[in-house]
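A.B. asks: Dumping the structure here so I can ask a few things about it.
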Amino acid sequence: MRILHTSDWHLNEKLGQIKRQEDICSRLEEIAGYLEREHVDVMIVSGDIFSNTIRMDEIREAFKDVTRIFRPFLLRKGTIIGIGGNHDSEDLFNVVRLAMDLAVPQEGSVRDPKEPGRLYLYERSGYLTLLDPQAGQVQFCLLPYPTPNRYIKEEGIEFNTIEERNRLLHDKLCERLLRLQTDFVQVAYPTVLVSHLHVRGNRLHNLYHLSESRDVVFDLADLPLSWAYSAFGHIHLPQDIRGSVNARYAGSIDRFDFAEAGDQKSVVVFDVGRGGLIGTPTVLPLNATPLYKIEVHNPAEIASLPERYPDGQRAIVDYQVVYRPGDHNPDAMRDDIERMFPRWCRRSIDTENDFAPEPDETGRVTTPSENVPERVREYLRRRLPDNSDREELLTLAEDLLASI
């Protein structure tokens, strides 16, 4: 069985004022091309198919886009398996799944192989098998992102703090995984784990996901990698799991934030046979949208921008104009930049006086250090004087700076 692993589509996402659906559809069309070129049988989407701010009209348009793009794959009996991520609406997943089950009812038990040529969405943890000529059948253990509704609400368990909630979710997900292995997984057939989780020790873009008070974090010991393949979602940076050949974050399909500006986005294709993973998974690149932060101080710099950024019409830009009053025309500078970069998401127009050095506590004016790490430290110390997480954030910043 040939499988394509993708994740974190974030349908109808926005960046500032820019709607991203056109970019997302372009990436999905690339993926659809890979499905045909690579003769893929199954596509797995390991969470965050939608964005959590999506409206009903956007849901409708998103489904139209997905149907248009992947209908040929489904018509040739390709199968799509998706799980819920932290940005996916649990209610939406339930409604879609119930509607699909009503439209095409399937008899049999959980252990019976599913029909190909369908989209299967799992808002709760689950087990699914598909027949395959070479492997006999391939099993899929499905673990959506840990939320109280998905893992502890039915048991009536209560919690008082976020930390207590996260410990409960951690333990309940591990219990659910063990139950799937014990009750359903047949050792005679290969199994693919599909999950939307944060595994400790992997590279991240920013400080948010490093805080265990806000996310449920798992160790490798919690999630054994003895599967034929482990398909992870949640972290947007594509990477393997601690050097493993058969466990990987597919990453997001496009650059959704400026922290991802340097990422090479991709999907993964791999083969599973009766003995498990066959060969080494192949990483296939996606032509992700360029994201640029641009700063200009005079009109002469603007003239060189098209040469420096030849893809400016396609790129999404956060730009800053710093002008000299009386010498520069800020409106003309703004208009010239926005003709070159029509997809700007944020802008600021400031005078040079706005950036005069601030006096220290003794009244002395000092020049900011050109040392980047020190400038980061100075910025955080100024912005976090009364923040209750100040020391934790400063410590995390030091760890991040040390890794650069």
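The values are calculated or read from the model by the stated rules, or taken from the named source; none is laboratory data. Computed from a predicted structure; not experimentally measured. Neighbour counts run over all protein chains shown; Cβ positions are idealised from the backbone, glycine included.
A.B. asks: So A99 clears everything in (1) surrounded by fewer than 17 Cβ atoms within 10 Å (Cβ to Cβ); (2) under 21 Å from the mean Cα position of the chain (by Cα); (3) small (G, A, S) except one condition, right? Which one?
C.D. replies: Just one mismatch for A99, condition (2).
A.B. asks: Right, next: For the stretch 216-246, what are the residues that are of a type in the set (A, V, I, L, M, F, W, C), under 16 Å from P144 (Cβ atoms) and part of a loop (DSSP other than H, G, I, E, B)?
C.D. replies: Residues satisfying the conditions are V216, L223, I235.
A.B. asks: Can you tell which of Y122, Y145, Y151 is closer than 28 Å to E36 by Cα, aromatic (F, W, Y) and either out of contact with any Phe, Trp or Tyr (no Cβ under 6 Å at 6 or more places or on another chain) or buried (at least 20 other Cβ atoms within 10 Å of the Cβ) (or both)?
C.D. replies: When all the criteria are applied, what remains is Y122.
A.B. asks: For the stretch 1-20, which positions are surrounded by fewer than 20 Cβ atoms within 10 Å (Cβ to Cβ) and either of a type in the set (A, V, I, L, M, F, W, C) or modelled with pLDDT under 95 (or both)?
C.D. replies: Passing the criteria: K14, G16, Q17, I18, K19.
This table checks each residue for (1) over 13 Å from L92 (Cα atoms); (2) in the same structural domain as P281 (by TED's automatic domain parsing); (3) surrounded by 19 or more Cβ atoms within 10 Å (Cβ to Cβ).
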residue: G33; (1), (2), (3): yes, yes, no
residue: E38; (1), (2), (3): yes, yes, no
residue: V45; (1), (2), (3): yes, yes, yes
residue: I49; (1), (2), (3): no, yes, yes
residue: F63; (1), (2), (3): no, yes, no
residue: F70; (1), (2), (3): yes, yes, yes
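A.B. asks: Next question. Under 6 Å between Cβ atoms, at least 6 apart or on separate chains: pull out the pairs that start in the stretch 4-31 with a residue that is free of Cβ contacts under 8 Å to residues at least 60 places away in the same chain and within 18 Å of H196 (Cα to Cα) and end on any residue that is among the small types (G, A, S) and in a helix (DSSP H, G or I).
C.D. replies: L11/A62
A.B. asks: Something else: Could you run through the stretch 7-61 and say how many residues are among the basic types (K, R) and within 22 Å of L121 (Cα to Cα)?
C.D. replies: 3
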